[in-house]
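Step one of this worksheet: look at the structure below.
The values are calculated or read from the model by the stated rules, or taken from the named source; none is laboratory data. What you see is a predicted model, and the numbers here were worked out from it, not measured in a lab. When we count neighbours, we look across all protein chains shown, and the Cβ atoms used for this are built from the backbone with ideal geometry, even at glycine. For accessibility, only protein heavy atoms count, side chains too; no ligands or nucleic acids. Shrake-Rupley method; radii C 1.70, N 1.55, O 1.52, S 1.80 Å.
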Amino acid sequence: LSISGGLNNNDITYSATNRVNTEYVDENGNYFKVGLNFKIYEQISIQTGLTYLNKNYKYRRTRTNEGIYTLHKSRYFNIPVMVGIQPLHKTLENTNFNFEIFAGTYVGWWNSLERESTVYVFGELNFDGFPKKTIVESYDFDKNENHFNRVDYGLQAETRVDYKINKNLGVFIEYSFMYGLSDNQKQQLRKTSNYYYTTSNYGVGISYKL
């Protein structure tokens with residue numbers, strides 16, 4: 001059993017070539033994970049659990065419209081299923097350290113979305129041009145007017161370095177990379193590519209051998 005958490009960075013692999021002076025930018029967030037690790041054969045194990053994480057990104061205008069943007073703050077529940085190996089087992093067997101590499105897949109659910117937008121106020125023109133204001137709104141998934149696809153899935157890889165404090169207790173650092181395969185805006189019209197996420201998570205944790 002393990003509990004871990006830390007920071008993450010999320011990017012979106014969408015092409016905005018059909019929109020002038022527009023770009024998508026990666027954003028930082030955080031994650032929290034409860035994991036279960038089952039040894040199935042010597043240095044081979046299966047890892048699963050539940051991860052609660054951000055998948056944030058920013059849609060912004062450039063050049064003459066610089067400063068106009070929408071920050072998308074999304075929260076997901078993901079369940080990974082990965083196979084792990086210990087490639088340095090022989091080297092580290094007489095130490096308190098352990099090194100594992102995992103690879104597999106994940107499936108999840110888009111839980112919430114908050115959008116923070118900075119927009120022009122066209123009805124209040126002054127000598128400096130149109131003023132700007134910031135609007136924060138929570139998306140209503142019950143109505144789901146944008147027809148977002150809430151099912152999330154993709155590929156995941158992870159590395160982890162453990163330090164054993166005693167027979168049952170340990171601490172570790174981890175890094176995982178998630179490559180999304182689900183298009184969360186698959187019903188949007190006039191798009192030039194699919195909306196896929198790539199997410200990097202890096203954090204620390206504590207483990208307990210049951």
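Report whether or not E100 is of a type in the set (D, E) and open to solvent by less than 70 Å² (accessible area, probe 1.4 Å).
Values: of a type in the set (D, E): yes; open to solvent by less than 70 Å² (accessible area, probe 1.4 Å): yes.
For E100, the condition - of a type in the set (D, E) and open to solvent by less than 70 Å² (accessible area, probe 1.4 Å) - is met.
Can you list residue pairs whose Cβ atoms sit under 7 Å apart, with the first residue in the stretch 131-158 being in contact (Cβ under 8 Å) with a residue 40 or more places away in the chain and the second being part of a loop (DSSP other than H, G, I, E, B) and surrounded by 15 or more Cβ atoms within 10 Å (Cβ to Cβ)? Count only pairs 6 or more apart in sequence or on different chains.
Once the first residue is in contact (Cβ under 8 Å) with a residue 40 or more places away in the chain and sits in the stretch 131-158, its partners that are part of a loop (DSSP other than H, G, I, E, B) and surrounded by 15 or more Cβ atoms within 10 Å (Cβ to Cβ) give V151/S182; D152/S182; Y153/S182; G154/S182.
Anything in the stretch 132-161 that is not hydrophobic (A, V, I, L, M, F, W, C) and not in a strand (DSSP E or B)? List them, or say none. Explain how you work it out, then say what you get.
To start, the set of residues in the stretch 132-161 that are not hydrophobic (A, V, I, L, M, F, W, C) comprises 132-134, 137-140, 142-147, 149-150, 152-154, 156, 158-160.
Y139, D140, D142, K143, N144, E145, N146, H147, N149, R150 - these are the residues of the stretch 132-161 that are not hydrophobic (A, V, I, L, M, F, W, C) and not in a strand (DSSP E or B).
Tell me yes or no: at least one residue of the stretch 29-43 is in a loop (DSSP other than H, G, I, E, B) and modelled with pLDDT under 90.
In the first step, residues of the stretch 29-43 are kept if they are in a loop (DSSP other than H, G, I, E, B); the result is 42-43.
Filter again for modelled with pLDDT under 90, leaving 42-43.
Yes, the stretch 29-43 contains at least one residue that is in a loop (DSSP other than H, G, I, E, B) and modelled with pLDDT under 90.
Look through the stretch 45-87, keep the residues that are open to solvent by 60 Å² or more (accessible area, probe 1.4 Å) and either in contact with a Gly (Cβ under 6 Å, 6 or more places away or on another chain) or β-branched (V, I, T) (or both), and return whichever of them is modelled with the lowest pLDDT.
Within the stretch 45-87, the subset open to solvent by 60 Å² or more (accessible area, probe 1.4 Å) is 50, 52, 60-61, 63-64, 66, 73, 77, 79, 81, 83, 85, 87.
With the extra rule that they be either in contact with a Gly (Cβ under 6 Å, 6 or more places away or on another chain) or β-branched (V, I, T) (or both), the set shrinks to 64, 77, 79, 81, 83, 85.
Values: T64: 66, F77: 98, I79: 98, V81: 98, V83: 97, I85: 96.
Among those residues, the one meeting the criterion is T64.
Out of the residues in the stretch 166-183 that are open to solvent by 70 Å² or more (accessible area, probe 1.4 Å) and assigned to a strand (DSSP E or B), state the one that is nearest to S207 (Cα to Cα).
Out of the qualifying residues, it is I173.
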